[in-house]
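Engineer: After the structure tokens below, expect a handful of questions from me.
The values are calculated or read from the model by the stated rules, or taken from the named source; none is laboratory data. Predicted model only: the values in this text are computed from it and were never measured. All Cβ positions, even for glycine, are placed from backbone atoms using ideal geometry, and neighbour counts span all protein chains on display. Surface accessibility is based on the protein's heavy atoms, side chains included, excluding ligands, DNA and RNA. Shrake-Rupley method; radii C 1.70, N 1.55, O 1.52, S 1.80 Å.
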Amino acid sequence: MKKFLITLIGFSSILLAACDSRTSENTSSVTSSETVSTSNGSSSESSSPASKLIINTPSKTKLGVGDTLKLSVRNADVEASKLKWSTSDESVALVNSKGLVHAVSKGTALITVSDGVVTSDPVSINVDVTPVSSISISNTPSTISVGQTITLETSILPSEANQGVEITSSDVAIEVNSTNKTLKAIKYTDKEVTIKVFASKDFSKVSEFKLRVNPLDSTKKVKISFDTGNYTSKEAIDVVKGSTIDNLSYDPFSNVEDKNTVSDIVFFGFYYDKDFINPVTFPMTSTYSDMTLYAKFDNLSSDGSHIYEWNYDENEDGTYNVASLSVYNNNLSNLSVGIPAYHNGKKVTTFNKIGVDSFVNKITNFALPNTITSLPENGIQNWGSLEYLYIPSDTKITEIPKYGISSLTKLKSLYIPDNVTKINDYGLTGNKSLTNLHLSNNLETVGIYSLAELSSLEELNFTSVKTIGQQAFQYMEKLKYVYFPSNLEKLSTVFPFMNSTKNIVRFVVDSNNQYYSNDDFGSLYNKDKSILYVYANGKGGTNAYIPNTVKTIFDRAFAESTIEVVKIPSSVTTLELSPFYNMPNLKAAYVPTSVTTIKNNAFSLCNSDKLVVYTNYQKDQLPEKWSSLWNYNSNNDQMESVEFNTIYGFDADRFNF
């Protein structure tokens, strides 16, 4: 009996083993029936065991240079951290630890993955680039009207080549957008404008044409009349319909002999309506129909009806200084407050900073007289509700002092009279809602941080400036156009446009300037274009244009640009501080052996999952003056650094996108 039981148990074990074996075979057959990618890019049936690594069939195996492709394994039970991805040719395609493939240059590379025990069959990645043979435009306009937008219809051959273009305009009157292939006339010019359209992958292929901006019809006029009440009249003027008016000169008390009769009267400028709701600001562009403008006045004479009163000191020259403010009712809001031109028959020429914060934060409209000769430091600062500041065009002010007109977060328009020759440090900083700024035509000096944080302003037009201080234009995120005159002598080299270059479409430098210049693409250089200061990032496009005259690329020259490809020419020897800072779309950058100095992280805060850096140097032969962090993704030495994918010993002739 015992022998029989042993025999039965043994027989049962054999049956169980057979069942386990059949189960294992069935499991293996399920795995082997799935499709895998082979080295030639085709699919096949695998007879490998379940433990074999299998790369999922990729969405494509033919890539353009600069493209990326995410690969993954089919084996769900394999820990991603244990996988090691490999490429057969790093000069053709790279693959990172997450299976992200970067197409580097033309050729074929085999991608495999291993868990340390087994290695997958390879996936073949073919990288190709189609050179551009020609570019043409099917709709070349001969004229364009102000405000009109035209989309260019371009064709790049062969059709397989990248269809991206880079557009330039010889005049700022025509705004271009390379990404959208559009032209827009933003102002009138009597000059013939040359438009050039380049193939973004090959700047030697270009098509160009000329056009004119349709002039305004000078026969169509509108009449502007003025209602000045009981004060000096102003004659009506006729202007061309649709034209722009830069200022309206008017002295309401010029014909008054006895100034006692106009003492304590405030002039607030002109308004579009009798109720004095909408003030006229400059430049004035609403010249499309006849209109009447209304002069606003307020008499502060003591009749008990006003909520405030100025207190005066007499200056040494017999004029008056506004010393302080008395407030009689602090419960109101939306206040119109102003300083009169005369008190007791004498001019009011100066005023102290107004110290009643609870009161000034309720002022929406504030007016200065044309008799004022100076502003105090911090004079009109942090007035939280101020929307309109009237400064007469004939005022005697010659400087904007430190924080003189600053941090007015609701102010949208500001006119700086032509008597002003200097804006001191921080003079206009922090006016974040300002969209219109008329700068003095005699302005010579712009101080440190003086126009910083004007984050809504799109245009800076300097007609006479000589010197500009450090960080003068910092945090002007919407800045698009900058005009520099012939007499600009010194633009600070300490981040003058820090955090302000993302949307710049064009710099325009007077051709007679001895120190600075711009190119067709709108970028800012020194006179001989050996230093590239700021790249015009706001015009769109994919490939950077750097002429072979450039020897130095300046601090943050390309900061926040959406450019995808940068090929540094062999003329360049120096990369200053982070010239390619925070470029989210940058996927390829070539650094030639002519570059002998890189001062720190050249590509700081770019996308480490996207960017591949190329250089013809071998890794062990880098110049001594290259920062050890030259190809690391960090903002400074204290931050965690990640090295960008870098291809060494790469010939410039192979860098084709």
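Engineer: Distance cut-off 27 Å, Cα to Cα: go down the list LYS396/LYS480; LYS82/LYS567; LYS490/LYS599 and report the pairs above it.
Structural biologist: With Cα atoms farther than 27 Å apart: LYS396/LYS480; LYS82/LYS567.
Engineer: Apply the Debye scattering formula to segment 385-434, with a single equal point scatterer on each alpha-carbon and no solvent, then give log10 I(q)/I(0) at q = 0.15, 0.16, 0.25 Å⁻¹.
Structural biologist: Reported log10 I(q)/I(0), two decimals: -0.37, -0.43, -0.98.
Engineer: Give the calculated FRET efficiency between VAL206 and VAL117 to the nearest 0.05, with a Förster radius of 51 Å applied to their Cβ-Cβ distance.
Structural biologist: Result of the calculation: an efficiency of 0.35.
Engineer: Using a 1.4 angstrom probe on the protein heavy atoms only, line up THR244, THR445 by accessible area, largest first.
Structural biologist: Output order, biggest surface exposure first: THR244, THR445.
Engineer: If you consider only alpha-carbon coordinates, what radius of gyration and Dmax does segment 507-552 have, in Å?
Structural biologist: Cα only, segment 507-552: 10.3, 32 Å (Rg, Dmax).
Engineer: Under unit Cβ charges (Lys, Arg +1; Asp, Glu -1), what dipole magnitude, rounded to 20 debye, does the chain have relative to its Cα centre?
Structural biologist: Computed about the Cα centre, the dipole is about 1840 debye.
Engineer: Another one. Whole-Hz Karplus ³J(HN,Hα) for segment 154-163, in order, using 6.51 cos²θ - 1.76 cosθ + 1.60 and θ = phi - 60°, x for Gly and Pro?
Structural biologist: 10, 9, 10, 10, x, 5, 6, 6, 4, 8
Engineer: Sort largest first and round to whole Å: the equivalent ellipsoid semi-axes of segment 527-637, each the square root of five times a Cα gyration tensor eigenvalue.
Structural biologist: They are 19, 17, 13 Å, listed largest first.
Engineer: In addition: Mind running the shape call on segment 345-491? Use the C-alpha gyration tensor, a ≥ b ≥ c as the square roots of the eigenvalues: rounded below 1.5 for a/c, prolate if a/b tops b/c, oblate otherwise.
Structural biologist: Note, shape of segment 345-491 comes out oblate.
Engineer: Which angle between 0 and 90 degrees, to the nearest 10, do you get for helix 2-32 versus the longest principal axis of the chain when only C-alpha atoms count?
Structural biologist: 50
Engineer: Considering only protein heavy atoms and a probe of 1.4 Å, how much of the accessible area of the chain is carbon and sulfur, as a whole percent?
Structural biologist: Roughly 46 percent, rounded to a whole number.
Engineer: Another one. Would you list which lysines come within 18 Å of LYS234, measuring only between C-alpha atoms, while excluding same-chain residues fewer than 8 positions from it?
Structural biologist: Within the straight-line limit of under 18 Å, LYS234 reaches these lysines: LYS223, LYS274, LYS296.
Engineer: If you count only protein heavy atoms with a 1.4 Å probe, what accessible area per residue comes out for segment 376-491, rounded to a whole Å²?
Structural biologist: Accessible surface, normalised per residue, equals 34 Å².
Engineer: Rg and Dmax in Å for segment 508-589, alpha carbons only: what are they?
Structural biologist: When restricted to the Cα atoms of segment 508-589, Rg and Dmax are 12.0, 38 Å.
Engineer: Now for a separate question. Can you check what the Kirkwood hydrodynamic radius comes to for segment 222-267, Cα pairs only, in Å to one decimal?
Structural biologist: 12.6
Engineer: Taking the alpha carbon gyration tensor of segment 264-400, what are the square roots of 5 times its eigenvalues, largest first, to the nearest whole Å?
Structural biologist: 24, 18, 15
Engineer: On the principal axes of its Cα set, how long, how wide and how thick is segment 446-598? Give whole Å, largest value first.
Structural biologist: For segment 446-598, the Cα extents along the three principal axes come out at 40, 31, 25 Å.
Engineer: Between [x] 1.34; [y] 1.17; [z] 0.96, which entry matches Cα Rg over 2.2 N^0.38 Å as derived from the coordinates of this structure?
Structural biologist: So the calculated entry is the one marked [x].
Engineer: By the gyration tensor of its Cα atoms, with a ≥ b ≥ c the square roots of the eigenvalues, what is the shape of segment 160-255: rounded for a/c under 1.5, prolate for a/b over b/c, or oblate?
Structural biologist: prolate
Engineer: Share of antiparallel DSSP beta bridges in the chain, in percent to the nearest 5?
Structural biologist: Here the antiparallel bridges make up roughly 55 percent for the chain.
Engineer: Could you give me D for segment 46-172, from Stokes-Einstein at 4 °C and 1.567 mPa s, where the hydrodynamic radius is the Kirkwood radius over C-alpha pairs? Units µm² s⁻¹, please.
Structural biologist: 72
Engineer: Add -39500 (n - 2.57) for each DSSP H run of 4 or more in the chain, then divide by its residues: what number comes out at 222 nm, to the nearest 500 deg cm²/dmol?
Structural biologist: One gets -2000 deg cm²/dmol as the mean residue ellipticity at 222 nm.
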